[in-house]
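To start, the structure itself, in structure tokens.
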Amino acid sequence: MENEKTEHEKRESSSNLEKGDHVVAQTNPQFHFDVHDLDRVQRRLKQRHVQMIAIAGTIGTGLFLGSGGALEAAGPLGALIAYALVGTVAYSSLCAVGEMSTWAPISGTFPHFAARWVDPALGFATGWNYFYTNAISTPVEITAAVILLTFWDHNSKHISLYTAILCVLVCMINIFGVRYFGESEFIFAIIKLTLIIGLLLVGLIVDLGGGPQGDRIGFRYWKNPGAIAGSGLDRNIFGLDRFLAILSVIVQAAFSFQGMELVVIAASETESPRRNIAKAVRRVFYRILVFYILGILMIGMLVAYNDKDLLFLQGNNTAAKSPFVIAINRAGIKVLPHIVNGAIFTSAFSAGNSFLFCSSRVLYGLALRGQAPKVLTYCTKKGLPLYAVLVASAFSFLSFMSVSSGSNRVFGWFVNLSTTGGFTSWFVMNVTYIFFRRGLLAQGYDPTTNSYHNRFQPYIAYWGAGWTLFFILINGFSVFWKFTAAGFLTAYINIPIFLVLYFGYKIVFRTKFWKPLEMDFVTGIPTLEETETPEKPPKNLGERIANIIF
């Protein structure tokens, strides 16, 4: 009762939300809701780190290179529709987890929210699903970075050396601590922003005939060969074949958007997390609109979907196969491909860096709540969850599998498993928010007074949950036209893995769904006074500009 009184008084003293009529504090140690004695991470990510991670965190090989595969598969309009749809789902998912994270900026993030407000078994399954999908994404990005280096060095004997160097660098950045991670991501974000803005401007100039050759392209390729490509799965039905082509791009588009939730996973290590996360989430809509939608629109204007030089037609994943570079080369601008390849290389390296960070922090959160070995809760004096980072780092060395041609199939499974696993995480984020909001209202809290609240909730959460469930079910639909056991497993194996984790934990620990009046919104959650520092107003023009950007 003493702990319950303390938590109740803490919430009363907080201006974060209007006080609920029915305050619940779960004191049962089985749930591990109050982990202050174990949680040793420190708030070392500054505002500029968080904002730049939010602005450029997901801009990477999926947009610069993977967009070529999307264009080839569905055509310019088809790719645009697919990316716009997945963008709305990614946005709804981030809004949902952003609102929960500003309420509870603690270690464990959305897997803990699922355990806290839906069912402990769901939190367990979600946490381990997110851990392994991010852990195996790290070697995928390292491999992509190594392939990008072959743009300059064609000697295959050097691939092992490059792989080893990149593995060590990614691991060392994370082992040095969150501040080094933040600084590296800040620099990479600036490079990515400069690249995408530069490519959009150059692309527009080339499209309007401003290149050395003076050829005005306009929407030429929307007319010939056409706006939407066919999938080739059902040529007898014209409309259905093009609809299937758009569906085929969904997974590629999702890969481009994954990692957007990094900003909320770092909430427990962010200065003034409620203010900074709220600001970052509010800006994400414009980031999607400007960089992704304009980017896909631009490549659809510059390159035809049946162009022989597109990425997936020849399989060499360097800047030479980027739709942007194809158009720039044909316009007679020769120096840019080297610059673009270097920038895309930093994007791939940055993505691997981020995936390692995410997997280690979720593993640490699981350990804090008793759903992973307790030894993983160990932190250094500077707040680094060292053992969790080391475990996550070990997965990076799976990138050596790509050196052996015999392992290519297994490595391809990693790529698909990490992408489809992301759909499961988005689904859980939205479902958890629906439960979270229902509990708040039942206990008399006003969600609109939270540090961040989206006025379209809960409707966008229903939108996100519905579409992600649809994505999970259809992501491997093409296998039913040309069935192979390997293709089927690659597309759907994540579903039984998740269900085994969920029902296994539920049966062993006899967990149940939380009822709205049983949900704990106070235990172990710091108040505004404990996390937020006064925001310093800008003193001059330079600081005003920096405040807008960061």
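The values are calculated or read from the model by the stated rules, or taken from the named source; none is laboratory data. What you see is a predicted model; the values in this text were computed from it and never measured. Don't worry about glycine lacking a Cβ; one is built from the backbone with ideal geometry, like all the others, and counts go over all protein chains shown. Note: accessible area is taken over every heavy atom of the protein model, side chains too, but ligands, DNA and RNA are not part of it. Shrake-Rupley method; radii C 1.70, N 1.55, O 1.52, S 1.80 Å.
Data overview
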item: Members of the range 263-314 that are under 30 Å from Val206 (Cα atoms) and of a type in the set (Gly, Ala, Ser); result: Gly295, Gly300, Ala304
item: Selection count where residues are open to solvent by 10 Å² or more (accessible area, probe 1.4 Å), β-branched (Val, Ile, Thr) and without any contact (Cβ under 8 Å) to a residue 24 or more places away in the chain, scope the range 318-338; result: 1
item: Qualifying helices (runs of 4 or more DSSP H) (wholly inside the range 166-276; at least 2 residues being more than 23 Å from Ile326 (Cβ to Cβ) and open to solvent by less than 30 Å² (accessible area, probe 1.4 Å)); result: 178-207, 238-248, 250-257, 262-265
item: Selected residue [at negative phi, at pLDDT below 95, open to solvent by less than 10 Å² (accessible area, probe 1.4 Å) and in contact with a strand residue (DSSP E or B) (Cβ under 6 Å, 6 or more places away or on another chain)] from Leu71, Leu63, Leu45; result: Leu45
item: Of all residues in the range 277-316 being over 21 Å from Pro76 (Cβ atoms) and open to solvent by 20 Å² or more (accessible area, probe 1.4 Å), the one that is modelled with the lowest pLDDT; result: Gly315
item: Condition check for Phe243: out of contact with any Cys (no Cβ under 8 Å at 6 or more places or on another chain), of a type in the set (Phe, Trp, Tyr) and under 25 Å from Leu417 (Cβ atoms); result: no
item: Test: Thr109 is farther than 19 Å from Thr468 by Cα, surrounded by 24 or more Cβ atoms within 10 Å (Cβ to Cβ) and of a type in the set (Val, Ile, Thr); result: yes
item: Residue ranges of helices (runs of 4 or more DSSP H) in the range 467-550 with at least 1 members at pLDDT 95 or above, under 25 Å from His36 (Cα atoms) and of a type outside the set (D, E, K, R); result: 494-509
item: Test: Val403 is modelled with pLDDT under 85, among the β-branched types (Val, Ile, Thr) and open to solvent by 60 Å² or more (accessible area, probe 1.4 Å); result: yes
item: Test: residue in the range 173-194 that is under 30 Å from Leu294 (Cα atoms), free of Cβ contacts under 8 Å to residues at least 60 places away in the same chain and out of contact with any helix residue (DSSP H, G or I) (no Cβ under 6 Å at 6 or more places or on another chain); result: yes
item: Filter result (open to solvent by 20 Å² or more (accessible area, probe 1.4 Å) and in contact with a His (Cβ under 7 Å, 6 or more places away or on another chain)) within the range 416-473; result: Gly444
item: Residues satisfying the stated conditions in the range 441-459, i.e. closer than 17 Å to Phe521 by Cα and either polar (S, T, N, Q) or in contact with a Leu (Cβ under 8 Å, 6 or more places away or on another chain) (or both); result: Ala442, Gln443, Tyr445, Asp446, Pro447, Thr448, Thr449, Asn450, Ser451
item: Pairs, first farther than 16 Å from Phe498 by Cα in the range 463-474, second acidic (Asp, Glu), C-beta under 6 Å, six or more apart; result: none
item: Verdict on Phe477 being in contact with a Gly (Cβ under 7 Å, 6 or more places away or on another chain) and surrounded by fewer than 17 Cβ atoms within 10 Å (Cβ to Cβ); result: no
item: Scope the range 342-374; condition open to solvent by 10 Å² or more (accessible area, probe 1.4 Å) and not small (Gly, Ala, Ser); matching residues; result: Phe345, Thr346, Phe349, Phe355, Arg361, Arg369, Gln371, Pro373, Lys374
item: Pairs, first among the hydroxyl-bearing types (Ser, Thr, Tyr) in the range 129-144, second open to solvent by 10 Å² or more (accessible area, probe 1.4 Å) and in a helix (DSSP H, G or I), C-beta under 6 Å, six or more apart; result: Ser137/Phe355; Thr138/Phe355; Thr138/Phe395; Thr143/Ser402
item: Residue match in the range 105-125 (condition: outside any helix (DSSP H, G or I) and aliphatic (A, V, I, L, M)); result: yes
item: Verdict on Asn134 being more than 21 Å from Asn329 (Cβ to Cβ), touching a Cys at 6+ places or on another chain (Cβ under 7 Å) and either assigned to a helix (DSSP H, G or I) or open to solvent by 30 Å² or more (accessible area, probe 1.4 Å) (or both); result: yes
